[in-house]
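Have a look at the structure below before the remarks.
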Amino acid sequence: MLREEIKNIPSTKKDLRSFGLVVGGVIVAIAGALYWYQKASFIYFLVPGAALMIFGLILPTLLKPFQKAWMTFAVILGWFMTRLILSALFFIGFTSIHYIGKLFGKSFLDVKWDKSVDTYWQYREDVPFEKTRYEQQF
């Protein structure tokens, strides 16, 4: 899945030009902010950012290895972050629901062991067939 996504990264001339201009523009903007705050390190951002922008305008095909590496990193980072964020939301959501339910004395599952019953199967009551129950289930 992840390999397929990395293999299918588009690298047309338009994509390479867009990559050079956008990434180069962001790096130049960072250099501008560093220059504004009078940091001597702005030149380390200005030169590569300007180079990316120039190559993006003139020779975008030279940016293909950089674009592939950048987008591969983005795909891998996206894969990890998606799982991290969804896991955090899942555990935060269900844990908070559990504690709120516990606060109000609600038990969402039958987890207590009862030796007096033969089965834990809960039978449904027989209800006559009505077409509307199947059309509007909720």
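The values are calculated or read from the model by the stated rules, or taken from the named source; none is laboratory data. Fair warning: this is a prediction, and the values are worked out from it, not measured in the lab. Note that each Cβ is placed from the backbone with ideal geometry, even for glycine, and that neighbours are counted across all protein chains shown. Each accessible area value is taken on the protein alone, full model and side chains, heavy atoms only, with ligands, DNA and RNA left out. Shrake-Rupley method; radii C 1.70, N 1.55, O 1.52, S 1.80 Å.
Can you report the number of residues in the stretch 1-13 which are part of a helix (DSSP H, G or I) and either in contact with a strand residue (DSSP E or B) (Cβ under 8 Å, 6 or more places away or on another chain) or without any contact (Cβ under 8 Å) to a residue 24 or more places away in the chain (or both)? Show your work before the answer.
Here is the first cut: in the stretch 1-13, the ones part of a helix (DSSP H, G or I) are 2-7, 13.
Remaining after also requiring either in contact with a strand residue (DSSP E or B) (Cβ under 8 Å, 6 or more places away or on another chain) or without any contact (Cβ under 8 Å) to a residue 24 or more places away in the chain (or both): 3-4, 7.
Result for the stretch 1-13: 3.
Among the residues of the stretch 67-104, write down those that are open to solvent by 70 Å² or more (accessible area, probe 1.4 Å) and farther than 30 Å from residue 2 by Cβ.
Residues satisfying the conditions are 97, 98, 99, 100, 102, 103, 104.
With the requirement that a residue be among the hydrophobic types (A, V, I, L, M, F, W, C) and either open to solvent by 80 Å² or more (accessible area, probe 1.4 Å) or over 21 Å from residue 7 (Cβ atoms) (or both), what does the stretch 54-66 give you?
Taking the stretch 54-66 as the starting set, the residues that turn out to be among the hydrophobic types (A, V, I, L, M, F, W, C) are 54-55, 57-59, 62-63, 66.
Hits for the stretch 54-66 are 54, 55, 57, 58, 59, 62, 66.
So residue 112 clears everything in (1) surrounded by 12 or more Cβ atoms within 10 Å (Cβ to Cβ); (2) outside any helix (DSSP H, G or I); (3) of a type in the set (D, E, K, R) except one condition, right? Which one?
Result: residue 112 passes all but (1).
For residue 51, state whether it is part of a helix (DSSP H, G or I), farther than 28 Å from residue 7 by Cβ and of a type in the set (A, V, I, L, M).
Criteria not met by residue 51.
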